[in-house]
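Since the structure comes first, as C-alpha cells, the remarks are kept for the end.
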Amino acid sequence: MLNVGVVTLFPEMFRAVTEHGVTGRAVDAGRLAIQCWNPRDYTQDRHRNVDDSPYGGGPGMVMQVAPVRAAIAAARAALPGAPVIYLSPQGRRLDQAGVETLAPAARLILLAGRYEGIDERLIELEVDAEWSIGDYVLSGGELPAMVMIDALARRQPGVVGDAGSVDADSFATGLLDYPHYTRPESIDGRTVPEVLLSGDHERIRRWRLKQALGRTWQRRPELIDRSRLSAEEQALLDEFLREQE
Ligand SMILES: NC(=O)c1ccc(NCc2ccccc2N2CCOCC2)nc1
C-alpha cells in the first residue's frame, strides 16, 4: 500500500491519477492512496494569500513559508515518518533506478511548487529530498508529482496486472522496449514479423531481446555497457547490427 500526501494549490489536478487507468484501479483496490493538502486552507488572512514578492526584486512571486509549512504539518500528522519530497528543476534526476530506490517507501509527502518557487527556508526546514523529472521547466510541481506517483504505483505488488509485464517493462530491463503488434496482421501492406506468429516462444523471446538491444544501441547507446552483456545478448546485438548494414 502506497500512501501519498500531496501539498498542492491544485488538488483537483490529481484526479488525473486517482480517477483513471492503472492508478485509478490501484486507488479503488486500496493499493494506492492520495490525499491532498492545500496551503490556501492554512492561510490566516482574508485574501488567503500564499505568495508574496521576492526579496531582491525580480519577476513573479514566491510561495510563502507559513501556509506551506502548515499544510506539510497536517500531512505529517496523517503520514507520520513520511519523507518530504520537493519536485523541482534543481532536484536529482528521476530515472527507473531512482524509482526503485523510492519504491519501498509506504508513505511519502510530495510538495508541488508553484509561482517562481518556494522560500528557500521552507526547503531547509521541511524538505528531505529534491527530485526532478527532467531538465525542463514546468508551471508547477503537480505534473512531476503525478509522474512520480504513477511510476511508484506500478512498482506496488498487484497494481500492474501481469507481474511479468512490470519486470519486462523497458527500463526495468535497462533497455528500450521491443516493438509491439496486434491485429490486424496487415495494415497498408505492413505485416507483423512472422516470428511473432510462429508460436515458438523461445524464438520470440530471442527476437524481442534482439530488438530491445538493437533499438537501445541505436537510440540510447549510453544505456548499454557492452562489457556487461551476456554472450547471448552480445550475439543478438551483433546479429541486429549486421542486419542493419
Ligand atoms: N523538471 C521538474 O521536475 C520540474 C519540477 C517543477 C517545476 N516547476 C515548479 C517549480 C518547483 C520548484 C522550483 C521552481 C518551479 N518552477 C515554478 C514555475 O516557474 C519555473 C520554476 N518544473 C520542472
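The values are calculated or read from the model by the stated rules, or taken from the named source; none is laboratory data. If you're wondering where the values come from, they're calculated on a predicted model, not measured in any experiment. In this analysis, Cβ positions are derived from the backbone assuming ideal geometry, glycine residues included, and neighbour counts consider all displayed protein chains. Remember, those area values only see protein heavy atoms, side chains included, never the ligands or the DNA or RNA. Shrake-Rupley method; radii C 1.70, N 1.55, O 1.52, S 1.80 Å.
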Going residue by residue through region 74-83, is there one that turns out to be assigned to a helix (DSSP H, G or I) and under 11 Å from the mean Cα position of the chain (by Cα)? no
Ala106 fails exactly one of the following numbered conditions: (1) within 27 Å of Met1 (Cβ to Cβ); (2) in contact (Cβ under 8 Å) with a residue 60 or more places away in the chain; (3) buried (at least 16 other Cβ atoms within 10 Å of the Cβ). What is the number of that condition? (3)
Return the total of residues in region 204-235 being part of a helix (DSSP H, G or I) and over 20 Å from Val192 (Cβ atoms). 16
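Which of the residues spanning region 60-91 are near the ligand (Cβ under 10 Å from one of its atoms) and not β-branched (Val, Ile, Thr)? If you could, list the steps in order and put the result at the bottom.
Looking only at region 60-91, we keep the residues that are near the ligand (Cβ under 10 Å from one of its atoms), and these are 60, 62-63, 86-91.
Within region 60-91, Gly60, Met63, Tyr86, Leu87, Ser88, Pro89, Gln90, Gly91 qualify.
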Could you list, in sequence order, all residues of region 145-157 that are open to solvent by 10 Å² or more (accessible area, probe 1.4 Å) and assigned to a helix (DSSP H, G or I)? Met146, Val147, Asp150, Ala151, Arg154
Mind listing whichever residues of region 95-132 are within 8 Å of the ligand (Cβ to nearest atom) and either touching a Lys or Arg at 6+ places or on another chain (Cβ under 8 Å) or assigned to a strand (DSSP E or B) (or both)? Ala112, Ile118, Trp131, Ser132
Checking Gln156 against (1) within 14 Å of the ligand (Cβ to nearest atom); (2) among the polar types (S, T, N, Q); (3) in contact with a strand residue (DSSP E or B) (Cβ under 8 Å, 6 or more places away or on another chain), the condition it does not meet: (1)
Just checking, how many residues over region 176-199 are touching an Asp or Glu at 6+ places or on another chain (Cβ under 9 Å) and open to solvent by less than 50 Å² (accessible area, probe 1.4 Å)? 1
Mind checking which residues of region 1-46 are part of a helix (DSSP H, G or I), open to solvent by less than 30 Å² (accessible area, probe 1.4 Å) and within 17 Å of Ala66 (Cβ to Cβ)? Pro39
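Taking the condition modelled with pLDDT of 95 or more and open to solvent by 40 Å² or more (accessible area, probe 1.4 Å), does Ala77 pass?
Details: modelled with pLDDT of 95 or more: yes; open to solvent by 40 Å² or more (accessible area, probe 1.4 Å): yes.
Considered against the rule, which asks whether it is modelled with pLDDT of 95 or more and open to solvent by 40 Å² or more (accessible area, probe 1.4 Å), Ala77 comes out as yes.
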Quick one: which residue in Glu239, Glu202, Glu232 is of a type in the set (Asp, Glu), open to solvent by 60 Å² or more (accessible area, probe 1.4 Å), farther than 25 Å from Ala97 by Cα and touching a residue at least 24 places away in the same chain (Cβ under 8 Å)? Glu239
